[in-house]
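Student: Just passing along the structure, written as structure tokens.
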Amino acid sequence: MKGILLGCKARLAGALAATLLGLCPAVAMAAPSLFEGLEWGADEARIRQVLGERVGNLPCTDEQRQAQAASGKGRACDSPYLEDYTIDGITFLAVFNMGGDAGTLNGIYLDRAATVTNAQIRKGEGAEFRYNRVKRVLTDRHGPPADLNETTRRPKDTPVVLHAKWIVQDTVVSMTNTIIPDPRGQMYYLGLVYKPLAEAMKPVDMP
């Protein structure tokens, strides 16, 4: 008798859960983006609620909107952005790509392009130093990277690319640092991309 009651309770709980999921699909499908408490599928109002009124919108021309609509790829025009999102003192432009269903959040891009001087490099504060600072913060948050590509060969006059990737729950975080030699020192582009796991696993269309 006890087993029958337990079975009935389990079926009832399952039916109740299914009913709730059906009534609240948005809540059921929401998954954390690992970025400041935002969820994948968030709308612009939710982004402003989390990050405040300093969130702006990227400028976008009619031609850019048409190109975006035709290709369905890349960063969506008019997406919300933050001009000064900071990780361990390193400032990024953060763009919240509203390219998902009904124009909701389906990607977050953090970009920084800068130059470090020869004097900074001699002090051990070159482009790789900045990459390592951000990597350390992300590792503290998410554990060791699932993928790491940091070649030990660093030709002085050849660009170097460093890459790390984390996969946590429903999010993939990729970080890439491209370092280019320059007479003044180094130019570098440091970028982070947050993507839902399902989106990140989609095959890339070849041209």
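Student: Which of (1) of a type in the set (Val, Ile, Thr); (2) surrounded by fewer than 14 Cβ atoms within 10 Å (Cβ to Cβ); (3) farther than 16 Å from Leu34 by Cα does Val116 not meet, given it meets every other one?
Tutor: For Val116, the failing item is (2).
Student: Looking at Ile90, Ile121, which is the one that is more than 30 Å from Pro59 (Cβ to Cβ) and among the aliphatic types (A, V, I, L, M)?
Tutor: Step by step, each of Ile90, Ile121 is checked, and only Ile121 is more than 30 Å from Pro59 (Cβ to Cβ) and among the aliphatic types (A, V, I, L, M).
Student: Being open to solvent by 60 Å² or more (accessible area, probe 1.4 Å) and of a type in the set (Ser, Thr, Tyr), is that true of even one residue in the stretch 146-161?
Tutor: Yes, the conditions are met somewhere in the stretch 146-161.
Student: Give me a count of the residues in the stretch 51-67 that are surrounded by 14 or more Cβ atoms within 10 Å (Cβ to Cβ) and in a helix (DSSP H, G or I).
Tutor: Qualifying residue count, the stretch 51-67: 2.
Student: Can you tell me which condition Asp140 does not meet? The list is (1) over 30 Å from Ala42 (Cβ atoms); (2) without any contact (Cβ under 8 Å) to a residue 24 or more places away in the chain; (3) of a type outside the set (Phe, Trp, Tyr); (4) part of a helix (DSSP H, G or I), and all the others hold.
Tutor: Going through (1) over 30 Å from Ala42 (Cβ atoms); (2) without any contact (Cβ under 8 Å) to a residue 24 or more places away in the chain; (3) of a type outside the set (Phe, Trp, Tyr); (4) part of a helix (DSSP H, G or I) one by one, Asp140 breaks only (1).
Student: Next question. Looking only at the stretch 11-50, which residues are open to solvent by 80 Å² or more (accessible area, probe 1.4 Å), at pLDDT 90 or above and assigned to a helix (DSSP H, G or I)?
Tutor: Within the stretch 11-50, Gln49 is the sole residue that qualifies.
Student: Please identify the pairs in which a residue from the stretch 78-94 that is at positive phi has its Cβ atom under 9 Å from the Cβ atom of a residue that is surrounded by fewer than 19 Cβ atoms within 10 Å (Cβ to Cβ) and in a strand (DSSP E or B), counting only partners at least 6 apart or on another chain.
Tutor: Asp78/Asn57
Student: Can you name the number of the only condition in (1) of a type outside the set (D, E, K, R); (2) free of Cβ contacts under 8 Å to residues at least 40 places away in the same chain; (3) surrounded by 13 or more Cβ atoms within 10 Å (Cβ to Cβ); (4) not in a strand (DSSP E or B) that Val172 fails?
Tutor: With respect to (1) of a type outside the set (D, E, K, R); (2) free of Cβ contacts under 8 Å to residues at least 40 places away in the same chain; (3) surrounded by 13 or more Cβ atoms within 10 Å (Cβ to Cβ); (4) not in a strand (DSSP E or B), Val172 is out only on (4).
Student: Across the stretch 175-190, what is the total count of residues that are in contact (Cβ under 8 Å) with a residue 40 or more places away in the chain and open to solvent by less than 60 Å² (accessible area, probe 1.4 Å)?
Tutor: Summing the residues that are in contact (Cβ under 8 Å) with a residue 40 or more places away in the chain and open to solvent by less than 60 Å² (accessible area, probe 1.4 Å) in the stretch 175-190 gives 8.
The values are calculated or read from the model by the stated rules, or taken from the named source; none is laboratory data. Every value quoted in this text rests on a predicted model; they were computed, and no experiment measured them. For neighbour counting, all protein chains shown are included, and Cβ atoms are generated from backbone atoms with ideal geometry for every residue, glycine included. To get the accessible areas, we keep the full protein, side chains included, count just its heavy atoms, and leave off ligands, DNA and RNA. Shrake-Rupley method; radii C 1.70, N 1.55, O 1.52, S 1.80 Å.
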